[in-house]
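Report on one structure; see the data block that follows.
The values are calculated or read from the model by the stated rules, or taken from the named source; none is laboratory data. Everything quoted here is computed from the prediction, not taken from an experiment. Glycine gets a Cβ as well: all are built from the backbone with ideal geometry, and neighbour counts include every protein chain shown.
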Amino acid sequence: MSARRITGRTLLLDGPGAIAEVPTDALRDVLLRLHRGMSALGWSVEPVWRHHRAGSSIGLRSPPDQVRATADLLDWAIDGGDDDDLDDVRWRARRDDNPRLRALFQAFPGLVFEGEDLVTVGLGRFARSFSRDALPPPAALHPVRGIPRVCVTGTNGKTTTTRLLAHLATAAGHLAGRTSSDAVVIGEETVERGDWTGPGATRRVLRDPRVTFAALETARGGVLRRGLAVDGADVAVLTNVTPDHGGEWGIDDLTVMARAKFVVADGLRRGGTLVVPAVSGPIHTVLPSFRKRRPDVVVQTFASTPRPADCWADDGHLHVGDGRVPLSEIPLTFGGTARHNVENVQCAVLAGLAAGIPAGAISRGLRTFRPSVADNPGRMNTYRLPNGALAVIDFAHNEDGVKRIVDTVRRWPRARRTLLIGQAGDRTDAEIARMGAAAAPLQPHRVVLKEVGKRLYGRSEGEVPALMRQGLIAGGVSPARIEGPTADEALGVRAAVAGASPDDVIVLLLHETLAAAVGILEEHGAVSVDDPR
C-alpha cells in the first residue's frame, strides 16, 4: 500500500507528514532504508512507528511543503527503489521547497491550512486564499483571525450534536457552517451532499468567507487517513467510544480507538475546552494521560442521569450550572425518553457555551430544533400512519446505536413492534451479529431483514443478513418472526409497513434510502410528528 500524505495531526504524527502500512517483519529493513534515504537527502527527522495486529504503521513528520516528497521517500524505502528513484525524491523535495509556506505556518499556528491547490490564511469570514506559488509574506497579512469552531467526534451522536450546535449558533445570530455524514451546509445552503467528515470538509467550511461559526463533525476515519485539517479549535466533543469499524487503520481495541479520537482534543487551542461523558469507559482510560500532556485544557462532563457532571439530567429537567430546562420543552429528547438524544443535547449545550454562544440563544435553539427530516434527517424521525401506527426512521448502524433506539422505543407503550434491520459489509462478522443481538430486547413480533446492496464491500449477497439472523436468534428472537432478506432497503420499508395495526410501532433502521422511505410512508398517508407519545 502506498504511503498516504498526512495534512495535520493524527494518531501517529503531531503534524504534516506521511504514513505507510508495512508488515511487521519488514519494518526493520524499511527503517534502515529510510535512514539511508534521509541521510542522502540531508533530512534529520526521526521516523515513528506503531505495531498492531495487521502489521505496523510507520510515519515521518515533515514541513508542510514537503509532504509529497516525504510520502515518496517512504514509498522508496518500502519498495526497495534504487539511487535513480531516490534522485526523483530529491527532485520532488527541491521542486516543492517553499520557505514562504513554512513561514506562514510558523507565524499563524492554527490559522493556516492547505488543500485543493490553495493555501488559506485566516478562517471563515477572515479567510484569504492564495495559490502555493503566490504566497504573501507573513508581515503583509496582519492581522490574521479565526472564528469560533467546535470539532465533534465519537462513535455515535456526532451528526445530531453537530446539527444542533449549528442551530444554536444560528439562534445567536451566526452564519454557521457545518460538516456531517450527510452534507456540508453553509447557513441554509447545502453546498455538498454526501459523507463529508474529513479534512476536505473542514477546509470547505473554514475557507468560506460567509461563515462566522464552524461546527465540524470530525470522524475517526478521516483523522487516521489524512489527519486534522488544522489545529486550534476552541472546543472538542467526544460523544462516546463503542465498538465499530474494528481493525481499520490498525485500531485493534477500544482504548486505541479512544486514543485516535483524542487526536481532536490534542489539536485544541491553548485553554480550549474538551467535552466528554462523565461515565467511565475507554474515554476515561485515556483521559488521565491527556490531562498530563494538556493541563491547559478545560475538561467538562455530561451525564444523562443524576450524577456529578457539568451538565446532567433527571427524569424531568436538563441541568447546567444553576439553570435548568424542562426536557418536555426540548423536542429532540422526546420528553426525556430518548436518553441518547439527551446526551447529544448536553454535548451541544456545553460546547456552545464554551464557544461563546449566549445562554439565551441556546435556550431558544433547544426549543426550536425538531426531530424531523427537515432539522435532523435520519435520526429518530417519527411518522404516524392514518390508523395510528407509528414509524420511526433512524440511522443506527452499530451495536450501541441500536441499543439506544431500542431503549427509547421500549419506553413508548405499544402492543407490537416491527423491525427493519440490515448492515453494510464492512463490519466484522462479530460486529454484525452483535448488532442483531442488540435489537432483540425490542421484542419484535416481526423482523424484516434487508440487503444493503450498494455496500456489500466484497461480501456475497445473503451473507450479512445471515449473520444478522444469527445475532437476533442468539438474543432470543424466534426464527419464525424473522423474514427476508428483501433485495433492497426500499422493499424492506414496504414489507415492514405492510399490515401495520393501529397499536404498532415500526422501527426502520436505514442506510441508503431516507427520501425513498419517507416517500413510501407518505404514500400510506403518514405524517411527521414531533412527539410520538
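Kindly indicate whether residue 4 is under 29 Å from residue 118 (Cβ atoms) and basic (Lys, Arg). Can you show your working first?
On the way: under 29 Å from residue 118 (Cβ atoms): yes; basic (Lys, Arg): yes.
Considered against the rule, which asks whether it is under 29 Å from residue 118 (Cβ atoms) and basic (Lys, Arg), residue 4 comes out as yes.
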Inset, instruction - Restricting attention to region 421-435, report how many residues are closer than 23 Å to residue 517 by Cα, without any contact (Cβ under 8 Å) to a residue 40 or more places away in the chain and not hydrophobic (A, V, I, L, M, F, W, C). - result: 1
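For every residue, the table says whether it meets (1) at pLDDT below 95; (2) part of a loop (DSSP other than H, G, I, E, B); (3) surrounded by fewer than 20 Cβ atoms within 10 Å (Cβ to Cβ); (4) in contact with a helix residue (DSSP H, G or I) (Cβ under 6 Å, 6 or more places away or on another chain).
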site	(1), (2), (3), (4)
353	no, no, no, no
357	no, yes, no, yes
365	no, no, no, yes
374	yes, yes, yes, no
379	yes, yes, no, yes
391	no, no, no, yes
407	yes, no, yes, no
414	yes, yes, yes, no
424	yes, yes, yes, yes
Inset, instruction - Please indicate, with yes or no, whether at least one residue in region 79-100 is of a type outside the set (Asp, Glu), modelled with pLDDT of 95 or more and in contact with a strand residue (DSSP E or B) (Cβ under 7 Å, 6 or more places away or on another chain). - result: no
Inset, instruction - Answer yes or no as to whether residue 28 is more than 36 Å from the chain's Cα centre (by Cα) and either in a helix (DSSP H, G or I) or under 30 Å from residue 144 (Cβ atoms) (or both). - result: no
Legend entry - Pick from region 443-477, criterion among the acidic types (Asp, Glu) and part of a loop (DSSP other than H, G, I, E, B), ranking: farthest from the chain's Cα centre (by Cα): 461
Inset, instruction - Run down 252, 208, 231 and say which single residue is outside any helix (DSSP H, G or I), of a type outside the set (A, V, I, L, M) and in contact with a His (Cβ under 7 Å, 6 or more places away or on another chain). - result: 252
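Every residue, every condition in (1) modelled with pLDDT under 95; (2) acidic (Asp, Glu); (3) on the phi > 0 side of the Ramachandran plot, yes or no:
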site: 120; (1), (2), (3): no, no, no
site: 123; (1), (2), (3): no, no, no
site: 128; (1), (2), (3): no, no, no
site: 136; (1), (2), (3): no, no, no
site: 143; (1), (2), (3): yes, no, no
site: 149; (1), (2), (3): no, no, no
site: 154; (1), (2), (3): yes, no, yes
site: 161; (1), (2), (3): no, no, no
site: 167; (1), (2), (3): no, no, no
Inset, instruction - Could you tell me which of the residues 57, 62, 39 is free of Cβ contacts under 8 Å to residues at least 60 places away in the same chain and surrounded by 21 or more Cβ atoms within 10 Å (Cβ to Cβ)? - result: 62
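Residue-wise test of (1) more than 26 Å from residue 427 (Cβ to Cβ); (2) surrounded by fewer than 24 Cβ atoms within 10 Å (Cβ to Cβ); (3) not assigned by TED's automatic domain parsing to the domain that holds residue 153.
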residue	(1), (2), (3)
203	yes, yes, no
223	no, no, no
231	yes, yes, no
254	no, yes, no
Legend entry - Condition met for residue 260 (in contact (Cβ under 8 Å) with a residue 24 or more places away in the chain, closer than 23 Å to residue 340 by Cα, more than 13 Å from the chain's Cα centre (by Cα) and surrounded by fewer than 24 Cβ atoms within 10 Å (Cβ to Cβ)): no
Inset, instruction - State all residues of region 350-366 that are in contact (Cβ under 8 Å) with a residue 40 or more places away in the chain and in contact with a strand residue (DSSP E or B) (Cβ under 9 Å, 6 or more places away or on another chain); if no residue qualifies, say none. - result: 350, 351, 352, 354, 355, 356, 357, 362, 366
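From 409, 402, grab the single residue that is more than 20 Å from residue 159 (Cα to Cα) and of a type in the set (A, V, I, L, M). Write out each step before concluding.
Values: 402 fails: more than 20 Å from residue 159 (Cα to Cα).
Only one candidate passes the filter, namely 409.
Yes or no, residue by residue, for (1) under 26 Å from residue 181 (Cβ atoms); (2) among the hydroxyl-bearing types (Ser, Thr, Tyr):
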position	(1), (2)
306	no, no
325	no, no
331	yes, no
368	yes, yes
Inset, instruction - Could you please find all residues in region 476-512 being surrounded by 17 or more Cβ atoms within 10 Å (Cβ to Cβ) and among the small types (Gly, Ala, Ser)? - result: 484, 490, 492, 495, 496, 500
Inset, instruction - Evaluate the following for residue 334: is it closer than 30 Å to residue 513 by Cβ, surrounded by 23 or more Cβ atoms within 10 Å (Cβ to Cβ) and of a type in the set (Phe, Trp, Tyr)? - result: yes
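Specify the residue that is surrounded by the most Cβ atoms within 10 Å (Cβ to Cβ); the eligible residues are those in region 277-303 that are among the hydroxyl-bearing types (Ser, Thr, Tyr) and part of a helix (DSSP H, G or I). First the steps, then the outcome.
Within region 277-303, the first condition is being among the hydroxyl-bearing types (Ser, Thr, Tyr), and the residues that meet it are 280, 285, 289, 301.
Now drop any that are not part of a helix (DSSP H, G or I), which leaves 285, 289.
Numbers: 285: 14, 289: 11.
Residue satisfying both the conditions and the ranking: 285.
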Legend entry - Any hit, region 45-53, residues being assigned to a helix (DSSP H, G or I) and touching a strand residue (DSSP E or B) at 6+ places or on another chain (Cβ under 7 Å): no
